[in-house]
1. Around Thr102, what is the net charge, scoring Lys/Arg as +1 and Asp/Glu as -1 over all other residues with Cβ under 15 Å from its Cβ?
2. If the only charges are +1 at each Lys and Arg Cβ and -1 at each Asp and Glu Cβ, what is the size of the charge dipole of the stretch 31-155 around the Cα centre, to the nearest 20 debye?
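Just so it is clear, none of the values below were taken in a lab; they were calculated from the coordinates. Quick caveat, the model's predicted, so the values are computed rather than measured. No Cβ is skipped: glycine too gets one built from the backbone with ideal geometry, and neighbour counts run over all protein chains shown.
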Amino acid sequence: MSRTRLKLLFGGAAVASAFGLIALTVAWATPGSGASASLVAGPGVLDEINIVSQSPTHGIMIKTRGQWDTRVVRYTILPGGHSGWHSHPGPTFVVVTAGTLTKFDAGNPTPGVHPAGTTFVDAGGDVHIAQNEGVVDLQFTAFHLVPKGAPVRIDQPAP
């Protein structure tokens, strides 16, 4: 077999394997149901930051390396709906504005329950699902901070 033909054969096998891996990932993903998202602001690019802020009773430190994409997104999940299993490559700051968000983390049978008026931070990297187990629309706003060029959400298979 000629070198050119051998290179084409291996190149074709590599491309076919890549498409197979993508198809397998999509097949295992768990898409949301009754969920919608609306971009409020962004994407914006945030350069490296090093912030230290203190008062007599509080303090905060935020330090990043590299550039980060920022987005503010408003989500709605209808009663009985869910986000599908997913993760984020960076932190997400969440404010629940209506209904109750029930968040299940992979490997933890005890959900986090977040009613309207509460907030929480998802540090990123963990696989989870947000559900609306109530009878009114769940609405929440999220500030996503992800490495520049990374997706806000990574679909994951159900654990």
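1. Counting the neighbours of Thr102, the net charge comes to -3.
2. Result for the stretch 31-155 is approximately 200 debye, rounded to the nearest 20.
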